[in-house]
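Encoded as structure tokens, the structure appears first; notes follow it.
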Amino acid sequence: MMQKKRILIFPFNLMSHYLRCITLAKRYSNCDILFASSGSYNSFVFEAGYQIFETETFDAELVMKQAAEFSFAWLNKTDIEKVFLSQVKVIQDLKPDLVIGDTSPTLKMAAEKT
């Protein structure tokens, strides 16, 4: 029997991003789908029948505040490295067939690295 494909989804930590990704995940009903954990939105992920994984993320509240001020200070070397290395570790540990990001500036690099 063929093993299910595994998909990891890394939404930005806002409700709209999580709900959009949950809607997308429903198209892949024959896959094992896991979402980046969110203290605020895990309940939506669980209600939809998906699992979570732990990873570092950018502080959504800070990003939104600074974006409103047209500041990109949130996109700094320390946070980029922390999020990138955490994503690399998750991808290496969980060995997905596909990763999907919704406003995850480091995910493409992490996927390419692994």
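The values are calculated or read from the model by the stated rules, or taken from the named source; none is laboratory data. Keep in mind it's a predicted model, so treat the numbers as computed, not measured. Cβ sites come from the backbone with ideal geometry, for glycine too, and all protein chains shown count toward neighbours. Note: accessible area is taken over every heavy atom of the protein model, side chains too, but ligands, DNA and RNA are not part of it. Shrake-Rupley method; radii C 1.70, N 1.55, O 1.52, S 1.80 Å.
Numbers at a glance
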quantity	calculated
Average accessible surface area per residue within the chain, 1.4 Å rolling probe, Å²	64 Å²
Whole-number D in µm² s⁻¹ for the stretch 1-81, Kirkwood Cα-pair radius fed into Stokes-Einstein, 10 °C, 1.306 mPa s	113 µm²/s
The chain, accessible surface, carbon-and-sulfur percent (1.4 angstrom probe)	55 percent
Spatial separation of Cα centroids for the stretch 55-114 and the stretch 1-37, in angstrom	17 Å
Entries in K4/K77; K5/K65; K5/K113; K26/K77; K4/K65; K5/K77 that, when Cα-Cα distance is taken, lie over 31 Å	K4/K77; K5/K65; K26/K77; K4/K65; K5/K77
Environment charge of T55, counting only residues whose C-beta is closer than 11 Å and scoring Lys/Arg +1, Asp/Glu -1	-1
Ratio of the Cα radius of gyration of the stretch 43-89 to 2.2 N^0.38 Å, where N counts its residues	1.45
Accessible area, probe 1.4 Å, largest first, for residues Y28, Y18	Y28, Y18
